[in-house]
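One structure below.
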Amino acid sequence: MSQARERIERKLAEIGSLPTIPTLLVPLLQHLCEPAEDVSIDRVVKIVSQDPSLAAQCLRMVNSPLFGVRYAVETVRGAVMGLGVNRVRQIAMACSLLKAFPARSAVGVRALWAHSLAVAMVAEKFAQQAGYAEPEQAYSAGLLHDLGILVALTACPDEFEKAAEAASREHRALYLCERELNGFDHGEIGEMLARRWQLPGPYHHALRYHHEVEQAPAHRCLVAIVGLCDILCRLRDLGYGFEEIGFVDLAAEPAWLLAANELPKMRDFDLARFTLELDAFIAEVEQSVAALFELV
Amino acid sequence: MSNAILTPPASSLQAQAAASQNPHLRKIRDLIYQVAGILQPDHKLQFLEDRCRRRMQHLNVSSLNAYYDCLTLSAVRTEEMKELLNEITIGETCFFRNAPQLDALRTVVLPSILKNKSHLAYRHLRLWSAGCSTGEEAYTMAIMLLQEREGALKNVAVEIVATDLNLRSLEAAQAGIYGEYALRNVGPAMRQKYFTPAGDRLAVKPEVKSMVKFSRLNLVDDARMTFMKGMDVIFCCNVMIYFDGVVRKRVVQHFFNNLLPNSYLFVGHAESLYGINNDFHLVHFPGATAYLKGQTRVGGGA
C-alpha cells in the first residue's frame, strides 16, 4: 500500500490506544439497520438496558419538552416506544461513540457531532425520497461518515487542526487540505478504523469515499447518498462550524449523477423542496447534541 | 381572571412539534407548495397555522379542515389562496432582506460573471429587480454595488432595472423614503453613508438613486418582456407565487431568454421552480440557492 497509509498506520500505532469498538455498536448496527418493521422492540429494549447511561439518556430524552409527553416515562420500554426505534438508534450510536472518543481536544467536537447527526437524518430522508432500499443503513452511514475526523482529533490533533485551518481560510474542501498537508485524509483514516472494528462492508466505503464517490468500488449508491447529504448539510448551517464551500452545482457532482442513474425515484426528486426542508432539522440537531453532551 | 392565563405556555418546541403533527396543516402546506411553489418547512408550520387562523377568523371558519375546503372547494378559492399568500409574505420587504442570498451575489455570482467578461474592453453589468414593489430590493443592490465600486467593480458600468405592475408602489420606490421597519437590517454606518434624514424617516442619497431605473411592467406582457434583454442577474422574489402554473412557466421562460449565458435568477427564500422550468438548474450557496443559466443550453432534467 501507499506511503501515506503506512504513515497513518505508524501514527495510529504510535498513540497505542486507538479506541476499541464500543460494545454496543456491533449489535446496534446489525439489528437497528434492518428495516424498521423487522426490528423487535424487545431486542432494542434489551440492548438499551445493557448500558445504564444509555438507558438514562433515553429516559431523559423521552421526558424532554421536545416530545411533549403528558406523563412521566419511567421504564426503558416506555422510552423506546415513546422515542421510536430511529431516535433510540441515534442516541445509542452517538452515546457509544462519544464514550470511545472523549472530547478531550475541544476542537469543534461538538460541531462535528452536530454535523454527523445532521448528515444521518438528512441521508435517511434522502434515501426514502430517492427510493434507496435501506434508509436505515443510510442513517447509520451518515452518523459514522466522519469517524476518521474523530480518530484524527485523537491521533494527530496538530496535523488535523492545521488542515482544518487551511480549509477554513482558503474556503476549500477539508479532505483536499488534509491530503496536501498531511498526505492522507479523514476518509482513509475512517476506513482503517472501520476495518479494525470490523464494521459491515458498506460502512467502509461510505467512510472512505464520501468525498470521491466515483472511486468507490462497491456500495456506490450508499456512498453517493452520504456524499450528497454531506454537501447539503455543509451548505445549510449543519457543517463543521467553518465555511469551506462557496458554491455547488449538485447536478454536476459525480455523486448526483450516480444517484440519478441508479435510484428509482431520482427523476422526480424535488431538490429545491428538499433543500428548504433541511432547515427544519437545525433546531432538532442542536437539541439532540445539547442533550448528548449533557450526559457524557 | 380566566384559568387560561394561569396555564403555563407550551414551550415553542412543543408547539412546533404539535403543529408539525397536524395533518390538516400539512395538507394546506402541500397545497400552497403545489399552487404557488412556496414551502413552509416543518419548523415553520406554527407560523403557517397562525396565518391560517387569521384568515379563519375573518371567514368565521372554525377548523383547519374546513379552511382547507375554503382553499380547494369554495367558489372563492383562488381569491382565498391569494389572501393567505399575502398573509404569509407580508412584511417580507425590507433592505438587506436575505443576507445569504446577497452574500452569494457578492462573493460568488458577481465575481464569476465579471471573470467571464474579463476579455471584454467594455464591461457592463445589468441587474433586474422584477416585481420591485416599493424599491427596497433594488436600492439594496445599488448600495451593495456601490460598496464594490473601488474593488471588483472598478471600470464596470452598472445598471439596475426595477419594475413593478403597481403604479403606487413605483411612486413610493421613486421617492425613496423609508421608515424604521424597512430599515431594520441597516446599521448606523450604512445609514450615515447612503441615506439622508427626511423628517423622522430616511431618504436614499442621490448617488444610490441614480443607479436604479424604475419602470412599470407587467411580467405577463409577452411583447414587453421580450425587450428586457441582456440581463446578468434577476431577482424575482415572492412575485410569481400569485401566478398560476401556466403563467409562471411563461414568465420564467422569459427570464431565461432575457438572461445572458452564465447568469443567475434568484427567487424568494422559500420559493421553488420545481416543475416550472427545466432549462435553469438549481445551484447551492451557503444558506441560499439560485437558478443558473449555464454557458451552453442543457436540455431536459439533470
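The values are calculated or read from the model by the stated rules, or taken from the named source; none is laboratory data. These figures come from a predicted structure and were not determined experimentally. Backbone-built Cβ (ideal geometry, glycine too); neighbour counts: all protein chains shown.
What's the total number of residues in region A:132-159 that are free of Cβ contacts under 8 Å to residues at least 24 places away in the same chain and among the hydrophobic types (A, V, I, L, M, F, W, C)? Walk me through how you get there before you give the answer.
Taking region A:132-159 first, the residues free of Cβ contacts under 8 Å to residues at least 24 places away in the same chain are A:133, A:135, A:158-159.
Still in the list and also among the hydrophobic types (A, V, I, L, M, F, W, C): A:133.
Within region A:132-159, residues that are free of Cβ contacts under 8 Å to residues at least 24 places away in the same chain and among the hydrophobic types (A, V, I, L, M, F, W, C) number 1.
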- Query: Restricting the search to region A:171-194, which residues are outside any helix (DSSP H, G or I) and either touching a Phe, Trp or Tyr at 6+ places or on another chain (Cβ under 6 Å) or outside the structural domain of A:Ser116 (by TED's automatic domain parsing) (or both)?
  - Reply: A:Asp185
- Does A:Arg70 satisfy being in contact (Cβ under 8 Å) with a residue 12 or more places away in the chain and of a type outside the set (Gly, Ala, Ser)? no
- Query: Before we move on, is B:Ile5 at pLDDT 95 or above and more than 14 Å from chain A (Cβ to nearest Cβ)?
  - Reply: no
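Determine whether A:Glu284 is crowded, with 17+ Cβ neighbours inside 10 Å, among the acidic types (Asp, Glu) and within 26 Å of A:Leu150 (Cβ to Cβ). First the steps, then the outcome.
Working: crowded, with 17+ Cβ neighbours inside 10 Å: yes; among the acidic types (Asp, Glu): yes; within 26 Å of A:Leu150 (Cβ to Cβ): yes.
Yes; evaluated as a whole, the condition is true for this residue.
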- Pairs under 9 Å by beta carbon, first residue in the same structural domain as B:Tyr139 (by TED's automatic domain parsing) in region B:181-198, partner assigned to a loop (DSSP other than H, G, I, E, B) and of a type in the set (Lys, Arg), six or more apart or different chains? B:Asn185/B:Arg97; B:Lys193/B:Lys205; B:Tyr194/B:Lys205; B:Phe195/B:Lys205; B:Thr196/B:Lys205
- Task: Restrict the check to region B:197-216 and report whether at least one residue is away from chain A (no Cβ under 12 Å), under 26 Å from A:Gly246 (Cα atoms) and either over 20 Å from the mean Cα position of the chain (by Cα) or not polar (S, T, N, Q) (or both).
- Result: no
- Note on the structure: Given the conditions (1) at the interface with chain A (Cβ under 8 Å from one of its Cβ atoms); (2) on the phi < 0 side of the Ramachandran plot; (3) surrounded by fewer than 19 Cβ atoms within 10 Å (Cβ to Cβ), every one holds for B:Arg250 apart from (1)
- Message: Within region A:61-72, take every residue that is at pLDDT 80 or above and surrounded by fewer than 20 Cβ atoms within 10 Å (Cβ to Cβ) and give me the one that is nearest to A:Val88 (Cα to Cα).
- Response: A:Asn63
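Hey, can you tell me all the residues within region B:116-157 that are surrounded by 19 or more Cβ atoms within 10 Å (Cβ to Cβ) and not small (Gly, Ala, Ser)? First the steps, then the outcome.
Restricting attention to region B:116-157, the residues satisfying the condition of being surrounded by 19 or more Cβ atoms within 10 Å (Cβ to Cβ) are B:126-143, B:145.
B:Arg126, B:Leu127, B:Trp128, B:Cys132, B:Thr134, B:Glu136, B:Glu137, B:Tyr139, B:Thr140, B:Met141, B:Ile143, B:Leu145 - these are the residues of region B:116-157 that are surrounded by 19 or more Cβ atoms within 10 Å (Cβ to Cβ) and not small (Gly, Ala, Ser).
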- Given the residues B:Leu282, B:Leu273, B:Leu259, B:Leu265, which is the only one that is farther than 30 Å from B:Glu79 by Cβ and within 14 Å of chain A (Cβ to nearest Cβ)? B:Leu282
- Message: From the list A:Val223, A:Val213, exactly one residue is touching a Lys or Arg at 6+ places or on another chain (Cβ under 7 Å), surrounded by 23 or more Cβ atoms within 10 Å (Cβ to Cβ) and either in the same structural domain as A:Leu250 (by TED's automatic domain parsing) or closer than 13 Å to A:His145 by Cβ (or both). Which is it?
- Response: A:Val213
- Task: Name every residue in region B:47-64 that is surrounded by 20 or more Cβ atoms within 10 Å (Cβ to Cβ) and within 14 Å of chain A (Cβ to nearest Cβ), in order of residue number.
- Result: B:Leu48
- Item | Subset of region A:5-52 [hydroxyl-bearing (Ser, Thr, Tyr), over 21 Å from the mean Cα position of the chain (by Cα) and at pLDDT below 75] | A:Ser17
- Message: Being within 21 Å of the chain's Cα centre (by Cα) and of a type in the set (Lys, Arg) is the filter here; which residues of region B:45-66 pass it?
- Response: B:Arg51
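Is it the case that A:Tyr203 is under 26 Å from A:Gly246 (Cα atoms) and among the hydroxyl-bearing types (Ser, Thr, Tyr)? Even if it seems obvious, please write down each step before you answer.
Working: under 26 Å from A:Gly246 (Cα atoms): no; among the hydroxyl-bearing types (Ser, Thr, Tyr): yes.
For A:Tyr203, the condition - under 26 Å from A:Gly246 (Cα atoms) and among the hydroxyl-bearing types (Ser, Thr, Tyr) - is not met.
Could you tell me whether any residue of region A:190-206 is more than 12 Å from every other protein chain (Cβ to nearest Cβ), among the basic types (Lys, Arg) and surrounded by 20 or more Cβ atoms within 10 Å (Cβ to Cβ)? Walk me through how you get there before you give the answer.
Filtering region A:190-206 down to residues more than 12 Å from every other protein chain (Cβ to nearest Cβ) leaves A:190-206.
Now restrict to residues that are among the basic types (Lys, Arg): A:195-196.
Still in the running and surrounded by 20 or more Cβ atoms within 10 Å (Cβ to Cβ): none.
No; the residues of region A:190-206 include none that is more than 12 Å from every other protein chain (Cβ to nearest Cβ), among the basic types (Lys, Arg) and surrounded by 20 or more Cβ atoms within 10 Å (Cβ to Cβ).
This table checks each residue for (1) modelled with pLDDT under 95; (2) more than 14 Å from chain A (Cβ to nearest Cβ); (3) over 17 Å from the mean Cα position of the chain (by Cα).
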| residue | (1), (2), (3) |
| --- | --- |
| B:Asn86 | yes, yes, no |
| B:His119 | yes, yes, yes |
| B:Leu127 | no, yes, no |
| B:Glu148 | yes, yes, yes |
| B:Pro188 | no, yes, yes |
- Message: Suppose we filter A:Ala224, A:Ala251 for residues that are more than 23 Å from A:Glu286 (Cβ to Cβ), assigned to a helix (DSSP H, G or I) and modelled with pLDDT of 95 or more; which single one remains?
- Response: A:Ala224
- Task: Being of a type in the set (Lys, Arg) and either modelled with pLDDT under 95 or closer than 26 Å to B:Phe280 by Cα (or both) narrows it down to one of B:Lys213, B:Lys229, B:Lys209, B:Lys205, so name that one.
- Result: B:Lys229
- Query: Taking region A:255-277, which residues are in a helix (DSSP H, G or I), more than 10 Å from chain B (Cβ to nearest Cβ) and crowded, with 16+ Cβ neighbours inside 10 Å?
  - Reply: A:Ala255, A:Leu258, A:Ala259
- Could you check how many residues of region B:151-195 are part of a helix (DSSP H, G or I) and not hydroxyl-bearing (Ser, Thr, Tyr)? 14
